[in-house]
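These notes are about the structure you will find just below.
The values are calculated or read from the model by the stated rules, or taken from the named source; none is laboratory data. Values in this document were obtained by computation on a predicted structure and should not be read as measured data. In this analysis, Cβ positions are derived from the backbone assuming ideal geometry, glycine residues included, and neighbour counts consider all displayed protein chains. Keep in mind that these areas ignore ligands, DNA and RNA; they rest on the heavy atoms of the full protein, side chains included. Shrake-Rupley method; radii C 1.70, N 1.55, O 1.52, S 1.80 Å.
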Amino acid sequence: MPHLSRTATGSSTCKRLSPCFAAAVVPEHWHGDWLYLVIAAGLFALLALVFGKVAQVKARKQAQVEEELRRAKEELEQRVAERTEALHRANEQLKQELAVRERAEEELRQGRNMLAQIIDTIPQFVFWKDRDSIYEGCNIVFAQAAGLERTELIRGKSDYDLPWLREESDAYRSDDRSVMDSNSAKYHIIEQQLQASGERHWVDTTKVPLCNENDEVVGILGVYDNITERKRVEEARDRALAMLESLLASSPTGILVYDGESGACVKANQAAADMVGAGIEQMLAQNFRKILSWEETGVRQVAELVLADGQTRSKEFSGASTFGAALETECLISRFDVEGKHHLMFIAVDMTERKRLEQEKRLIEAQMLHVQKLESLGVLAGGIAHDFNNILMVVLGNADLALLRVPPDSPACENLAQIEQAASRAADLARQMLAYSGKGNFVIEKLDLNRVVQDMGPMLEVSISKKALLRYNFAPEVPAISGDVTQLRQVILNLVINASEAMEEGTGFISISTRRMQCDRSYLSESWIDDRLPEGCYVVLEVSDTGCGIEREVIPKIFDPFFTTKFTGRGLGMAAVLGIVRAHKGAIKVYSEKGRGSSFRLLLPCIAEAADQPEPQAEQPLWRGSGTVLLADDEESIRVLGSDMLQALGFSVKLACDGREAVELFRAKMDDITCVLLDLTMPNLDGEQTFRILRALKPDVKVIMSSGYNEQEVSLKLAGAGLCGFIQKPYKMVEMSRKLSEVLGQKAG
């Protein structure tokens, strides 16, 4: 059976053979073996059955597997489809995300481009640096300032690689470190920067720290402006403000600014504070609506009107300020707007000095008017005195000649002496009038004022009331003055007599004092009358009394001619005093109060020389000479009198009625004429003109000038011209004799 087994095992087709088929095919010699064959067939069938079952099972298993595979395949296909769908959806989502990302990237790119354009377009300078202050980027204006053509060239550079000065770079680096170390921005760093062009600009820089996602500082961003122009404007504004502040501080006018709504003071200068006697802080604490003095004087009401209508107004203020200072001011009140709000400005001018100046002006005008009156009256007085002297010349001269010609025991001598005495008093009156006019006959000497007053003591004692007492207070070693002792005695006498008459019932004290005083221009300007006397040393003669005093309104009139407070007028007394003092280049100051007496202070300029020591003069006889004298005068009576006097002195005389006739006579007889006696004031040619013509004809001619005016005036006119002498009218024989003796070079015998 083994071969059957092998057959069964060897061929798969045998496994499927049926038993009938097996018997048919088995040979006959195999019938013995039928049993074995049956068994084998059974076994075969069994095996076939088994194998069929097995195959069936396998088939079922195969089908099951295949079903499972199918189901797995379907499941796989479903899962693949689902996965494919998922992948499709994912792909679509990815496509959408990619599109979004592309759009985002495009937007980012556009944003970056826009940011780059913005950064490059803005006028500010923008830069950013890393932690080590190395530049990572900048905008175009910064690159240009640094001298770079493109912005990307800034990368990797430091401040020391750019055109800035080293000290500027040091400052930038220091600011960078401060910002990054503190992780806080630094605003408005004002500094200078050297540009690539060589210019220096003022820049205003702001630096902020740059941080990463962990808030760690990784760099710095900087932005700055070129503020050079703004700086220039600010500096100009600061200079203007400084100038304004300086003007306000140095302005002599007070300036106050108030808020129109609240009334608070917002500005005050020092002048305003000084006016009211306060400090600037005290002024700023005030409200113009609460200042009591403004309410009382109406200043506040004016200020409210100005606020209401904007019209500028002025208001004078006189009285005491809130702080107690006396005020004389004029306020100019105006309105102006600041940021739409009304403000008031007060410009206060201190009127104290102006009123004082106005008072001085009125006083000066009054003085000028007084001077004009004095000058006009002086001209009148001088003219009258001149003519009066001509008349007195005839009276005195004829009386003098008559006394020479009559016997000493003649009864007419007494009458002639009285005529001569009256004429002398009249001559004194003429001299007083000339003194008033400033043209008196001054005999200038170097005088000790103490001695002059002392010598007048007896005269002063008998000239005042018996109940009045004289007191003297002389300063030792008073400097000498230059003047006419006769005229000064008249001044002293007039002042003392006035002081005596000012005392009630004649009782009281009269003090005469002298001293030396250094006078400045201010002190001299307050005198009667200010003739612009020079500053310097003056001798003061003061006559004061304890009398009734002079009313204030009367003081300006006391030097007016013919003004008097007495029932009986005294003529030109005080006016003559003023004229004499003015002629001596001096001044008078008057101090008086009603009921408290008066004081008259004379100021006379000092001289460096010592005072003259007077020597007693012995009476000398008349000197007589010989020769021909040419006498020229427009008054016939004086020509006749002068001729008689000259003949009495031994001279022959030629007479001329004016200067022209005198010149003609002199030209014809110049060799025979010994001396010429000329009157100063004559028609056709006056004495001065005649004198100059005579000197031209004969340079050594001896000329004596005669006039009713003083010698000083003639000397000034003919200084250095060769005038031999001067004789003042009215003169007597002895004076003519002395003058001819001096001129002709002979001594009286």
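Quick notes
- Among the residues of region 644-680, just one is buried (at least 23 other Cβ atoms within 10 Å of the Cβ) and among the charged types (D, E, K, R), namely Asp679.
- Given (1) over 41 Å from the mean Cα position of the chain (by Cα); (2) at pLDDT 80 or above; (3) part of a loop (DSSP other than H, G, I, E, B), number of the condition Val577 does not satisfy: (3)
- When Val714 is tested against (1) touching a Ser or Thr at 6+ places or on another chain (Cβ under 9 Å); (2) of a type in the set (Val, Ile, Thr); (3) open to solvent by 10 Å² or more (accessible area, probe 1.4 Å); (4) modelled with pLDDT under 90, exactly one condition is not met: (3).
- When residues in region 125-182 are screened for being more than 17 Å from Leu115 (Cα to Cα), open to solvent by 60 Å² or more (accessible area, probe 1.4 Å) and part of a strand (DSSP E or B), 0 of them pass.
- Failed criterion for Cys675 (all others in (1) under 22 Å from Gly708 (Cα atoms); (2) not in a strand (DSSP E or B) hold): (2)
- Selected residue [in a helix (DSSP H, G or I) and more than 55 Å from the chain's Cα centre (by Cα)] from Arg660, Arg624: Arg660
- For region 113-157, the candidate set comprises residues that are in contact with a helix residue (DSSP H, G or I) (Cβ under 8 Å, 6 or more places away or on another chain), small (Gly, Ala, Ser) and free of Cβ contacts under 8 Å to residues at least 40 places away in the same chain; within that set, the residue that is farthest from Asn226 (Cα to Cα) is Gly137.
- Scanning region 628-638 for residues that are open to solvent by 10 Å² or more (accessible area, probe 1.4 Å) and at pLDDT below 90 yields Asp634, Glu635, Glu636, Ser637.
- Flag: Phe288 matches the condition of being closer than 17 Å to Glu261 by Cβ and either hydrophobic (A, V, I, L, M, F, W, C) or loosely packed, with under 14 Cβ neighbours inside 10 Å (or both).
- Scan of region 539-554 for residues that are at pLDDT 90 or above and either assigned to a loop (DSSP other than H, G, I, E, B) or under 20 Å from His584 (Cα atoms) (or both), ordered by number: Val539, Val540, Leu541, Glu542, Val543
- Yes/no for Leu332 being open to solvent by 70 Å² or more (accessible area, probe 1.4 Å), part of a strand (DSSP E or B) and either in contact with a Phe, Trp or Tyr (Cβ under 9 Å, 6 or more places away or on another chain) or of a type in the set (Ser, Thr, Tyr) (or both): yes
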